[in-house]
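See below for the structure under consideration.
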Amino acid sequence: MGAVEAAALEAGALGCALSGAGSAILAAVGGSSGAVARAMEAALGAAGGRGRVLTLAVDTAGATWESLSRADPSPGESLRT
């Protein structure tokens, strides 16, 4: 993990950490992720590991609330008509 994290940071990642129970390594990138992804893959391979890179977009909206029309049931109301 240390070598992969160091490679990610050297390639421009803002931060790097284990995700979940350790099945994934997450790097936050403030721009293009290509160089960071390649560096992480190379470091993992050099350590004898295998994996795949996923580049995922960040949800910048966060939680949102949508108002329901009165025709929609309120919380606790039955969905049956």
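Just so it is clear, none of the values below were taken in a lab; they were calculated from the coordinates. None of these values were measured; they are calculated from a predicted model. Note that each Cβ is placed from the backbone with ideal geometry, even for glycine, and that neighbours are counted across all protein chains shown.
Enumerate the whole-percent occupancy of each 5 Å bin, from 0 to the last occupied one, for all C-alpha pair distances of the stretch 2-46. Calculated over all Cα pairs of the stretch 2-46, the distribution is 5, 29, 34, 23, 9, 1 percent.
Quick one: which of 35-41, 1-7, 21-27, 46-52 comes out on top by average Cβ neighbours within 10 Å, and what's the full order, highest first?
Values: 35-41: 18.9, 1-7: 16.3, 21-27: 12.7, 46-52: 9.9.
Averaged packing, sorted descending, gives the order 35-41, 1-7, 21-27, 46-52.
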